[in-house]
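Comments concern the structure below.
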Amino acid sequence: MNRIVRIFKESCRVMGGNRLQVFIMMLGVAVGVTSLTMMICVSKGAYEQVMDTVNKQGPNLLQVRPGTDKQTGLSSGSREVVSLVEEDVDAILQHIGNIRAVSPVKDRKEIEVKYGAKFTLSRIFGVKPVWAQIRDFGPSKGEFISDEDVSFATRVCLVGQTVKKNLFGDTDPIGQTIQIKNVPFTVKGELQGKGISSAGRDRDDRIVIPITTYFRRLFRDVYLTQIVITIADISKMDETVEDVRALLRERHTIAPEEPDDFAMRTPQDLIDLASEASISLVNLLTGIAGFSLLVAGIVIMNIMLASISARRNEIGIRRAVGAKRSDILIQVMMECFLISIMGGMFGTILGYGGSIALSSLKVAASKVTPLAVAASIVSCSIISLVFGLYPARKASNQSPVDALRA
Amino acid sequence: MIKVKNIEKTYRKGSVSTPVLRCVNLAINRGEYVAIMGTSGTGKSTLMNILGCLDKPTSGMFEFDGVDVSKLDDDTLSTLRNKKFGFVFQVFFLLERTTALDNVLLPLIYADKYPTDAIQRAKKALARVGLEDRTKYLANELSGGQQQRVAIARALINDPDVILADEPTGNLDSDSTSEVLEIFNRLHKEGRTIVVVTHDREVAVQAHRILELRDGKLFENDARAKLEN
């Protein structure tokens, strides 16, 4: 039997005899690794959700919003930032070549909606029929709004799955009449279920109506919250973005030295933003996880030092019967390593459990990834090496006669 | 086999130095049974620690089988202890919460080669000290006499050249003392070299050669005569 294997068995035997100490040290590591695992799963989950959104939207979506990134556009009395109007949409369609589809979007949240005695607050979207293709948000049942609906500003709507559940339960909503701000609307269809957005918003809690109906029948307003555009040739995305920018600047009579009163976002911007957010999240959580692992390491080092002190006789006996300094060093390091790895495994399981719980409770998106196992093995090995070395050296440096005299 | 020339040992604590051994000379041949006597604090244990390569003298020369031990490095000393010496201490020094068998096996863990028949050897060693029925007992479940016999079995497992015993009966009742001394006599008859450090006359008279440490110096000729008077 190899000497290292014999020492490994001794480490296991000694740990078996000091179960409480081992458990406390393991717990310290487990807490650190749990946070590390959850951090990795949550940041991975958040990033994948954004990528999923981008993939669903397609790589050729261009979004134009009023205001700059710092929100310095005009204000329409409320806090809402305004600058985009329906005429901008028409102009884009007329003057920009590389465009497949374009739709104005106006939305407002927490609008009261009633069906009989039932009541809910929902987000109302005013759009054109082409919006359904641009956002891949067509009807799952019934029909989407038509060009005629837009031309005549008819009072028709499509309800999202959450609205359907809140107002109709199991009843078929198509053909029913609901009251949006006390204005009657006929339900023309149900929207596809989309779930929770990467921003944590319920995408099914919405009602879609024709944009003209929104402005003429519900709210006296002209300003849009968004213009969504599908680019025809994605390789010319940058040029098209610049063309749209130039056109809107000209239409909004913005002087050359002034900033845009609108902001444009391409899928790449969204990916960049998600990466940035993901990096910030990773930095923050790595800090927290790193700190807890540092604490775990200090716990291990302190308990090991106390244990070494209490085990001086044992070390003396081993040295007397022939253990070399390196044998003692290896034994103590092995004990630290085993404790760290066992704590790490326990922590990884807890972390995975926690991540799955966060996902199922819809607190945060998280993705169970094998990366977390690798990260916990690496961090546990580092903990055991860094924080085990000092107690191990202290143990091995004792002379046999001093250790026996203790 | 053991040759000690002008060994001195002085303990230093800050600016205070305490000489414990002064110019000790000693030669022990293979197969001898030697007792080193002396009152408390005369340096008996210090001398035994030096003879067992657990400690180094401040000055002087210690030869074991013709090798100058004072020139050996720490690892070689560990190997020497493992192969050549078997230790028996007053307080037994067994590993707690560890079975008698595992305690006896301990020196083999640090041997260069782990024998394939290690368990059989350990059981045999325990049988030699009359503990064949106590192999699975934890050290703390055994009586003082039994613990010391486990320690003797541990000292024997590597078939050492010398058994070094430091007050081996100091913590034992008279029955256990007799058992331990009986084992030493048997081992001596088998040809093993035994060095016992003791202040107990009953233990010392078992040896064939008695030395006495007084004020850090070793005296031989009059020790047995003194005991017999």
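Scanning region A:226-242 for any residue that is in the same structural domain as A:ASP90 (by TED's automatic domain parsing), over 35 Å from the mean Cα position of the chain (by Cα) and over 30 Å from A:CYS336 (Cα atoms) turns up nothing.
Only one of these is under 29 Å from A:GLN398 (Cβ atoms), surrounded by fewer than 23 Cβ atoms within 10 Å (Cβ to Cβ) and of a type in the set (Phe, Trp, Tyr): B:TYR110, B:TYR114. Name it. Don't jump to the end; show me each part of the working.
Values: B:TYR110 fails: surrounded by fewer than 23 Cβ atoms within 10 Å (Cβ to Cβ).
The unique qualifying residue is B:TYR114.
Number of residues in region A:94-148 that are of a type outside the set (Val, Ile, Thr) and either over 30 Å from A:ARG245 (Cα atoms) or touching a Gly at 6+ places or on another chain (Cβ under 6 Å) (or both): the value is 19. From the list B:VAL203, B:VAL162, B:VAL197, the one residue that fits, being touching an Asp or Glu at 6+ places or on another chain (Cβ under 6 Å) and touching a residue at least 60 places away in the same chain (Cβ under 8 Å), is B:VAL197.
Figure legend. Inter-residue proximity from region A:256-280: first residues within 18 Å of A:ILE227 (Cβ to Cβ), second residues surrounded by fewer than 15 Cβ atoms within 10 Å (Cβ to Cβ) and modelled with pLDDT under 85, beta-carbon distance below 6 Å, spacing 6+ or different chains. Indicated pairs: A:ALA263/A:ASP69; A:PRO267/A:PRO59.
A quick yes/no check of all residues on (1) farther than 16 Å from A:LEU121 by Cβ; (2) surrounded by 15 or more Cβ atoms within 10 Å (Cβ to Cβ):
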| position | (1), (2) |
| --- | --- |
| A:VAL163 | no, yes |
| A:LEU167 | no, yes |
| A:ASP170 | yes, no |
| A:THR177 | yes, no |
| A:GLN192 | yes, yes |
| A:ILE196 | yes, no |
| A:ILE211 | yes, yes |
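Where strands (runs of 3 or more DSSP E) sit wholly within region A:113-209, those with at least 2 residues that are without any contact (Cβ under 8 Å) to a residue 60 or more places away in the chain and among the hydrophobic types (A, V, I, L, M, F, W, C) occupy A:118-127, A:156-159, A:183-191. Hey, could you check region B:104-135 for residues that are more than 14 Å from chain A (Cβ to nearest Cβ) and outside any helix (DSSP H, G or I) and say which is farthest from the chain's Cα centre (by Cα)? Going through the qualifying residues, I end up with B:ASP133.
Of all residues in region A:378-396, at least one satisfies being among the polar types (S, T, N, Q) and either within 14 Å of chain B (Cβ to nearest Cβ) or under 30 Å from A:SER197 (Cα atoms) (or both). The single condition among (1) in contact with a strand residue (DSSP E or B) (Cβ under 7 Å, 6 or more places away or on another chain); (2) without any contact (Cβ under 8 Å) to a residue 60 or more places away in the chain; (3) within 14 Å of chain B (Cβ to nearest Cβ) that A:ALA323 does not meet is (1).
For region B:60-103, the candidate set comprises residues that are at the interface with another protein chain (Cβ under 8 Å from one of its Cβ atoms) and more than 30 Å from B:ILE7 (Cα to Cα); within that set, the residue that is surrounded by the most Cβ atoms within 10 Å (Cβ to Cβ) is B:LEU94.
Just one of the numbered conditions (1) within 27 Å of A:THR53 (Cβ to Cβ); (2) at pLDDT below 95; (3) not charged (D, E, K, R) is not true of A:LEU158: (2). If the condition is being of a type in the set (Val, Ile, Thr) and touching a Gly at 6+ places or on another chain (Cβ under 7 Å), then region B:12-41 contributes only B:VAL20.
Among the residues making up region A:121-161, those that are farther than 19 Å from A:ILE227 by Cα and buried (at least 23 other Cβ atoms within 10 Å of the Cβ) are A:SER122, A:CYS157, A:LEU158, A:VAL159, A:GLY160.
The values are calculated or read from the model by the stated rules, or taken from the named source; none is laboratory data. Please read all numbers here as calculations on a predicted model, not as lab measurements. Here Cβ is always computed from backbone atoms with ideal geometry, including for glycine, and neighbour counts include all displayed protein chains.
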